[in-house]
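Reviewing the structure listed below.
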Amino acid sequence: MQNGNDARFCKNCGKPKGSAAGTVTTAPKTGVQAEYKALETRANMMRGLAITCIAAMLFVLFLLPYAAAAYTSQYTVYNNMAGVNGSIEQICSIVLLCFALLPIPFLLMKQTVTKRNLPVTMSAVSAGAIAIYSAVIWFGSMLPTAVPFMIILSAAAEVLCTVKYIEALKAMDNLMFRPQAL
């Protein structure tokens, strides 16, 4: 009994022999596979950039003071969380930290079609809450610094990267389900 594929494929390694290597049917599939890999790389890069923006926001929140005064090192979110500046500031800073970390689990989980918009929604909700907090800091401080604007900028960049991540995932799905990919 002879297998019909014995003449086309190597018995040892399974690679195509001779004319079977570059047929018309495999050429479009390799192009689609290369395009899919490029989209997958772009999606992973955007997800990594979104998480990096969250890390940058946390860096700004914890290390840079948001008020310029003689005792300026006291006015950081970290010191507020420790209760140095009062109990209301402590509660607000803990809530801010929760909102800053909120998008991370949604960025790390496996994205299905039904859960696809969750990272964008959570990033937008998080950015809105952080923008409100930063506006309260800016208008409530006697000598505000540029830190609230840096916080808002990093939150906006994180939302933008999350949107681009979801767009790349949608493009990957569209590529897989178009007729040429089959």
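Every residue, every condition in (1) surrounded by 13 or more Cβ atoms within 10 Å (Cβ to Cβ); (2) in contact with a Pro (Cβ under 6 Å, 6 or more places away or on another chain); (3) closer than 20 Å to Cys161 by Cα, yes or no:
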{"site": "Leu96", "(1), (2), (3)": "yes, no, no"}
{"site": "Phe106", "(1), (2), (3)": "yes, yes, yes"}
{"site": "Ala124", "(1), (2), (3)": "yes, no, yes"}
{"site": "Trp138", "(1), (2), (3)": "yes, yes, no"}
Notebook entry, point to check: For Asn80, are the conditions met, namely being without any contact (Cβ under 8 Å) to a residue 60 or more places away in the chain, surrounded by 16 or more Cβ atoms within 10 Å (Cβ to Cβ) and in a loop (DSSP other than H, G, I, E, B)?
Noted result: no
When you scan the range 101-119, do you find a residue that is modelled with pLDDT of 90 or more, assigned to a loop (DSSP other than H, G, I, E, B) and in contact with a helix residue (DSSP H, G or I) (Cβ under 7 Å, 6 or more places away or on another chain), even just one? yes
Practice task
Answer yes or no as to whether Gly48 is modelled with pLDDT of 80 or more, of a type in the set (Gly, Ala, Ser), under 23 Å from Ala156 (Cα atoms) and surrounded by 12 or more Cβ atoms within 10 Å (Cβ to Cβ).
Solution key: yes
| field | Meets criteria (farther than 30 Å from Ile151 by Cβ, touching a Phe, Trp or Tyr at 6+ places or on another chain (Cβ under 7 Å) and modelled with pLDDT under 70) for Lys11 | value | no
Picked from the range 144-163 (must be among the polar types (S, T, N, Q) and part of a helix (DSSP H, G or I)), the residue surrounded by the fewest Cβ atoms within 10 Å (Cβ to Cβ) is Ser154
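The values are calculated or read from the model by the stated rules, or taken from the named source; none is laboratory data. Since the model is a prediction, treat every value here as computed from it, not as a measurement. We place every Cβ from the backbone using ideal geometry, glycine too, and count neighbours over all the protein chains shown.
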